[in-house]
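To keep things clear, I will list the structure first and then write my remarks on it.
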Amino acid sequence: MTTDLDQKDIKSKKQPKQKIISLLKTVTLYALMFVVIYSAVNWWRQPVMPANPQLQLTDYQGQTVDLAELSHKQPTLVYFWGTWCSVCSFTSPTINKLAADNYPVVTIAVQSGSDQELYSYLNEHQYSFTAINDQEGNIFADWQGQVTPSYVVLENGEMTQGLTGIQPLWSLKLRLWLASVF
């Protein structure tokens, strides 16, 4: 025979477990909502490949960069950024690391000043990635870019993925690997 005290003991043991389950359900629901909303916004803001894209560009040092040729060898990351972009100050070191790890990366500095100003900025931050100086923002506009940073993965001269915002190194490596597999 159980007493009232025993029943209270049983209820008090169930309540913490129920609270944890309820908390986990709530956290899972909010995480799922975040992923859905983040994905939708990212899809909406991603760059769009122009019908006739200019894939032969010249970097700030006068060297020709052929994005189509690079992307035929292996998937290539194109990174749109700006020296004035506060978020880019967090993402550019990741891009520099990716380039240092021998991943094909071409960056396009949007409205970031003269070639000399871009050179000084890259030198000051010790960035060694390839940089195209899009002084007027025309390249970015051709790709219908809305925000910096933005990224495009090119394979065989075609855009396979587009994304925006802060991306961790592992995510960029995974995207390049997936582009090479599929």
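No value in this document is a laboratory result; all are computed from the given coordinates. Note that the coordinates shown come from a computational prediction; the quantities given were computed from them, not determined experimentally. Note that we place each Cβ from the backbone using ideal geometry, even for glycine, and neighbour counts take in every protein chain shown.
Rg of the Cα atoms in the chain, relative to 2.2 N^0.38 Å, amounts to 1.48.
Working note: Karplus 6.51/-1.76/1.60 with θ = phi - 60° gives region 165-182 the couplings x, 6, 10, x, 4, 4, 5, 5, 4, 4, 5, 5, 5, 4, 5, 6, 8, 9 Hz, where Gly and Pro are set to x. Note that region 26-87 shows a convex hull volume over its alpha carbon atoms of 149 Å³ per residue.
Label zone (A51, point 7 Å along Cα-to-C-beta; backbone nitrogen cut-off 19 Å) within region 123-143: 139-143.
Taken over the chain, lysine pairs spaced eight or more positions apart, or on distinct chains, with alpha carbons under 28 Å apart number 11.
As I understand it, the value is the acute angle between the Cα axis of helix 4-45 and the longest principal axis of the Cα atoms of the chain; what does it come to in degrees, rounded to 10? Approximately 20 degrees, to the nearest ten. The label point for N42 and the one for S128, both projected 7 Å from the Cα toward the Cβ, are 2.9 nm apart.
Viscosity 0.890 mPa s, temperature 25 °C: what is the translational diffusion coefficient of region 91-136 from Stokes-Einstein with a Kirkwood Rh over Cα pairs, rounded to a whole number of µm²/s?
Numbers: Rh = 10.8 Å.
Here the translational diffusion coefficient equals 228 µm²/s.
The C-alpha atoms of the chain define a longest principal axis, and helix 115-124 lies at about 50 degrees to it. Taking the longest Cα principal axis of the chain as reference, the axis of helix 88-100 is set at about 70 degrees.
Exposure proxy ranking for M49, M33, based on other Cβ atoms within 10 angstrom of each Cβ and starting from the fewest, stands as M33, M49.
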